[in-house]
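Trainee: This is the structure, below, for whatever I ask next.
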Amino acid sequence: MVAGGAADQVFVNLDHWIVGHTPVPLQTLVSIVISIATIIVVFAGLFALTTVFERKGLGRIQNRYGPNRVGPCGVFQPLADAVKSLTKEDVVPRSADHVVHYLAPLVLVGVVFLTYAVLPVGRNMTAVNLDAGVLFFFAVGAGTELAIFMAGWSSHNKYSLLGAMRAIAQMISYEIPLILSSVAVIMTAGTLSTVAIVEKQARYSSTLAHWYVFTPWGLAGFILFMIAATAETNRSPFDLPEGESEIIAGYFIEYSGFKFALFFLAEYLEMFAVSGLGITLFLGGWSAPFSFLTWIPSWIWFFGKLLTLIFAFIWVRGTLPRLRMDQLMNFAWKFMLPMTLIVILSAGIWHFLTAAVVGPKPLGAVIRWLVCALVIFAPFITLARTLERGRKIEKRTYRFAE
Amino acid sequence: MLGEGILKGLGETARNFAGSFVSAERLTTVQYPEERIAPIEATRDFPFLVYDGADWEAGLRCVACQICEKECPPRCIHIEKSKDKKPDFVGKAQFYPAVFDIDVAVCMSCQICVEVCPFDAIRMDNKFELSTTDRFGGLLWTKEQLAKPNEYYRQIHPTEAAETDERRVKELADAKAKAAAAAAAAAAKAAQQAAPGDGVSAVPTTPAKVVPQ
Amino acid sequence: MTLAFLILAVLTVAGGVAAMTLRRLVHCALALTVAFAGLAALYLNLGAEFAGLAQLLVYVGAIAILIVFAILLTHGGESDPEKVFSPAGIAGGVIALAVFAVLGWAVTTSSVAHGWGAGAAAQTSAPQTSVREIGLTLMQRYVLPLEVIALMLTAAMIGAVILAWREKRSVDPGAPSAPPSPELRV
């Protein structure tokens, strides 16, 4: 089925055409350069757009206009921001560890860009089709923690060190539910390759796609994955590492000018990357939800889903206040971890409740769905009750230090 | 149940988000350079000097008593007294400020100069668009820049201005009455000295001669 | 020996040497991370995808962070030791040499080394292990050892938790255990 037609493969064909017109010894190099340049340009551009949309969206949520001065409706605001950050003085603290201080933002951005290598942004549009793509994503993503530590430690500032410690503690804690919630998908798909996972979801029975989010375990897994992703990317309500009111800006407090902009860029790129992985694992990657919508090019589907998730991130940021450290840790270990394990269990049950067990299609599918939903929902209720037991909303009492 | 409050909160923010596109009265932002809110009457920022009449130099109420200069906490006022004297609004000869400068970069808008001025000569302005590219010269205001007519004062702070005007009218009347009384007394004394034994005929006519001036 | 191998080998060895010779503890930890990452890249270069990525995930993602965290919590990064080499270093060097000798002996006498002697044909016949095969082997043939290891690790983790818990109590035995305030829960 070649859905989407020429528009679907326009970028792939363009790539092939350019590579085909270069001398043979240079072809590998040119192909690599094209992939890297495309990723950098597209996602850095998306970053610029997101900053202005985020500010405008948050403004609307708070009944304000948001930036609306630079260009029509403020769309050129990122340009003004870029000029500002580029022309600002680059201040390095005297007692900072200069080499590590310099390397930290570069390592962070480099590592984050590496994760894009395995994201299928469209049909045949994956930079590297690795056999262990999901593993690659998490393995490379682990480098961000190190970069954050480098930034926080080398600044020689107590706030940046506190921020780095918070960031690392939080990222380690939430990496576990993040990986465990994707294990369910890997288990069902039977592969670690991102391309293969998307292809498994791009099949249709009658009109509906086989997205994993349409299964009970997939839905729960997706929600857990996105919560963990929010924490992984240090976004509100999990933005303790940056907590402006407590530790000013956390690990990048001592950065200014372009290096600061790099941290900002890396943070957003991380958000896009992890959203992209969520799309790949649960939302069918570049595939259309219904078979009659497959004429829309695959890359439009991917970026449409990505923008939707970005909007969800902005929405959540505009709604929830920041968590406290103990709430953060309790949530990770007492709620997220058990729930992800239950999701894996439910995915296993889903795998074995085939048509042979629960009966033929219409009724059997409903029974299968309900059983798997119950496996998740009953423990959720129990867990929620347990966690909420003894919690009363009452007048706050404060204990002061002596 | 766990997560219920989060969903409620998300609904609230979604309502705000959608509502801000539909109803303009939700948006509290004032698009400042184009839209403006009229300043409330009590608004104040930096002092100015009040003058009466058309000529600012002649009508300046300030008599260079330098009380404000001494009272100013950040010491942003600089006054130099004149050598000669000019009559003020009641006709009394007074000094006037040869130089009167306020460094608004230093001024902290405390209004103490206004409180201490016995001549109602210094008052608070409400102009706030004062940015300049010259940090030192541009923010050091001289007598000419500070002088503003009483009508302007009435316009920006009507209640305060009315009070001041009333008090000044009374002061003027008192001063006139006092001058008249003093003149009458002086004339009577003079008449007595001029004609000690003249008798009754001269007494009723003398006040009528002295009063008009 | 390809160029990629040379670069990665130099990077790995340089990282290892730097980890031993640098003065500040944090620099040593970062240099060690470079060595880990270089090793992972070497695995990837040899076509062992799973081993390389697991090395990256476990060593760069977990072990290095653990070291760093220990440094952060103990203020070890603040101290600036006077000299790098100490008498204990000589003993360490002897042990390292012994380990190296054993490893070298194992490598030179193994069948892989003899295979090399047979020529390039042995190299092509090296097993192409994919992630899928590793997974199937772990889950079918070696499922019992895997479960035993998992059980051991869980037991170790529970033990660590209990140790930490006890320690906290023994710090202040006299103080009455205050009930946790309601706001301290999620």
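The values are calculated or read from the model by the stated rules, or taken from the named source; none is laboratory data. As the structure is a computational prediction, the values presented were derived from the model and not from experiment. Ideal geometry is used to build each Cβ from the backbone, glycine not excepted, and the neighbour counts take in all protein chains shown. For accessibility, only protein heavy atoms count, side chains too; no ligands or nucleic acids. Shrake-Rupley method; radii C 1.70, N 1.55, O 1.52, S 1.80 Å.
Trainee: Taking the conditions exactly as written (surrounded by fewer than 16 Cβ atoms within 10 Å (Cβ to Cβ), among the aliphatic types (A, V, I, L, M) and within 14 Å of chain B (Cβ to nearest Cβ)), does residue A:356 satisfy them or not? Step through it out loud before you land on a result.
Mentor: Working: surrounded by fewer than 16 Cβ atoms within 10 Å (Cβ to Cβ): yes; among the aliphatic types (A, V, I, L, M): yes; within 14 Å of chain B (Cβ to nearest Cβ): no.
For residue A:356, the condition - surrounded by fewer than 16 Cβ atoms within 10 Å (Cβ to Cβ), among the aliphatic types (A, V, I, L, M) and within 14 Å of chain B (Cβ to nearest Cβ) - is not met.
Trainee: I need the helices (runs of 4 or more DSSP H) fully contained in segment A:1-118, keeping only those with at least 1 residues that are modelled with pLDDT of 85 or more, farther than 22 Å from residue A:265 by Cβ and open to solvent by 30 Å² or more (accessible area, probe 1.4 Å).
Mentor: Working: elements: A:5-8, A:10-20, A:27-61, A:77-87, A:98-115.
Fully inside segment A:1-118 and qualifying: A:27-61.
Trainee: While we're on this one: Out of (1) within 14 Å of chain C (Cβ to nearest Cβ); (2) in contact with an Asp or Glu (Cβ under 9 Å, 6 or more places away or on another chain); (3) in a helix (DSSP H, G or I); (4) open to solvent by less than 40 Å² (accessible area, probe 1.4 Å), the odd one out for residue A:162 is which?
Mentor: Failing condition for residue A:162: (4).
Trainee: Where in segment B:81-158 are there helices (runs of 4 or more DSSP H), lying fully within it, with 2 or more residues that are of a type in the set (D, E, K, R) and open to solvent by 70 Å² or more (accessible area, probe 1.4 Å)? Explain how you work it out, then say what you get.
Mentor: Numbers: elements: B:112-116, B:143-146, B:150-156.
The helices (runs of 4 or more DSSP H) meeting that bar are B:150-156.
Trainee: Sticking with this one: Go through A:328, A:337, A:341, A:307 for me and flag whichever is without any contact (Cβ under 8 Å) to a residue 12 or more places away in the chain and part of a helix (DSSP H, G or I).
Mentor: Working: A:328 fails: without any contact (Cβ under 8 Å) to a residue 12 or more places away in the chain; A:337 fails: without any contact (Cβ under 8 Å) to a residue 12 or more places away in the chain; A:341 fails: without any contact (Cβ under 8 Å) to a residue 12 or more places away in the chain.
Every option except A:307 fails the conditions.
Trainee: Continuing with the same structure: From the set of residues in segment B:17-42 that are at the interface with chain A (Cβ under 7 Å from one of its Cβ atoms) and open to solvent by less than 30 Å² (accessible area, probe 1.4 Å), which is farthest from residue B:158 (Cα to Cα)?
Mentor: The selected residue is B:20.
Trainee: Also, I was wondering about something else. What are the residues in segment C:9-28 that are open to solvent by 30 Å² or more (accessible area, probe 1.4 Å), assigned to a helix (DSSP H, G or I) and within 13 Å of chain A (Cβ to nearest Cβ), if any? Can you show your working first?
Mentor: In the first step, residues of segment C:9-28 are kept if they are open to solvent by 30 Å² or more (accessible area, probe 1.4 Å); the result is C:10-11, C:13-14, C:17, C:20-25, C:27.
When the remaining residues are screened for being assigned to a helix (DSSP H, G or I), the result is C:10-11, C:13-14, C:17, C:20-21, C:25, C:27.
Matches in segment C:9-28: C:25, C:27.
Trainee: Would you mind telling me which numbered condition in (1) touching a Ser or Thr at 6+ places or on another chain (Cβ under 9 Å); (2) modelled with pLDDT of 90 or more residue B:79 fails?
Mentor: Status for residue B:79: all satisfied but (1).
Trainee: Separate question: What's the number of the only condition in (1) buried (at least 17 other Cβ atoms within 10 Å of the Cβ); (2) β-branched (Val, Ile, Thr); (3) within 14 Å of chain B (Cβ to nearest Cβ) that residue A:381 fails to meet?
Mentor: In the conditions (1) buried (at least 17 other Cβ atoms within 10 Å of the Cβ); (2) β-branched (Val, Ile, Thr); (3) within 14 Å of chain B (Cβ to nearest Cβ), residue A:381 misses (1) alone.
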